[in-house]
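Here the structure is laid out as structure tokens; the discussion comes afterwards.
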Amino acid sequence: MRRFVLSALFATTLAWNAQAADKIVVGTVPNTSDGPIICAIEKGYFKEQNIEVELTSFRTASDMTPMVVRGDIPIMGGGVSVSYFNALAQGMPLRYFLSRAQIRSHHKIILRKGLDAKVKTVADLKGLRIATTAAGGFSEYELGKALETVGLTLDDVDTKPLAMPQTLTAMANGAIDAAVLIPPFDGGAMRDGATMLVRLDHIVKPEMEVAGLIYNTDWAAKNRDLLDRFTAAYIKGARYFQQAVENGPNRDEIIDYFLKYAPIKNRAIFADTSWSDVNPNGKVVVASLLDQQDFYIRRGYLKTKIPVEKLVDEETAVRALKLLQAKGE
């Protein structure tokens, strides 16, 4: 009888623990910037914090934003774009709080096959058809900043908004002359004969904040402890992922994770491309967010300048670091 009671108590405890796990749905446009959160899932860092994270894929960040605004999902990952700044100007309950990709972003201007003989510098892009992901997207910002270094603006080129998979097709058939591409799409283009004109993180200043995590502020205010635990687990994932970015011994392991989660199932694509750096403490490059906002104001995409405290929450990462430090991590 005693054995039965103990077994029942043990089973009840296990069931209670399973039910007690806090679930967080995170929206994402699948790419290598998902590395930190995937590592935190696969290495059990979220589980250590009694959190279950579910990744939900979207085509673009614009598709995710309404769901986060409504509170249907509390957190989304995406690149910095004009849509984020406009959402804040409209009073939407969003805030950037963790970095997913920055500094060595490995974003490039890629030329279609055969154009390298004619186009030698950024100045030679004048008048060409150049694909960016969207008007007001991060790739348009990068292209614009690159053109500014040689006295040109986006008005001096013919920008074409295209999703990156479609960009590869357009480049192959000659419909565009160049494109701003990120891993692994840059590698795919170059394997088809395209060439690199320039690494954008070599010329875009300040060092660029490329992508991050954004939460619903109403949800965050009601779930501060959960948010802090999520962030602590994410930071551990970021640190593990950064080892692979720097070609550490876990790189093949991370490629296995990408093949599990990403729509691209070609191992060579992940193995042969460079991945963006992630800050090991989740810290956001605030100067870059402010510069991107200023750029979009110059372009006429924005009319209202958002104060920094509305753009980014720097305190959550600080609290999460204290949680980790208390455990000696």
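Each value in this text was obtained by applying a stated rule to the coordinates, not by laboratory testing. All values derive from a computational prediction rather than experimental measurement. Heads up, the Cβs are rebuilt from the backbone with ideal geometry, glycines too, and the neighbour counts pull from every protein chain shown.
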_Considering only C-alpha atoms, what is the centroid distance from the range 86-107 to the range 190-259, in Å?_
12
*What spacing in nm lies between the two simple spin-label points modelled at Asp155 and Thr56, each 7 Å away from Cα in the Cβ direction?*
4.2
*Working out 0.36 nm times the residue gap between Lys305 and Lys47, then minus their Cα-Cα distance, what length gain in nm do you get to one decimal?*
88.9 nm
_Expected 222 nm ellipticity per residue - DSSP helices of 4 or more, -39500 (n - 2.57), all of the chain, to 500_ = -13500 deg cm²/dmol
*So how far apart, in nm, are the two label points at Leu324 and Ala117 if each is 7 Å from Cα heading toward Cβ?*
5.2
*Separation between the Gln90 and Lys260 pseudo-spin-labels, each 7 Å from Cα along Cα→Cβ, expressed in nm?*
3.7
*What is the set of long-range amide H partners of Gly27 at a cut-off below 5 Å, with H atoms built 1.01 Å from backbone N?*
Thr56, Ile75, Met76, Gly77
*Which one is right for this structure if Rg/Rh (Cα atoms, Kirkwood Rh) is calculated from it: (1) 0.99; (2) 1.08; (3) 1.02?*
(3)
_Taking θ = phi - 60°, what integer Hz values does the Karplus form 6.51 cos²θ - 1.76 cosθ + 1.60 yield along the range 316-325, in sequence order, with x for Gly and Pro?_
4, 4, 5, 5, 5, 4, 5, 4, 5, 4
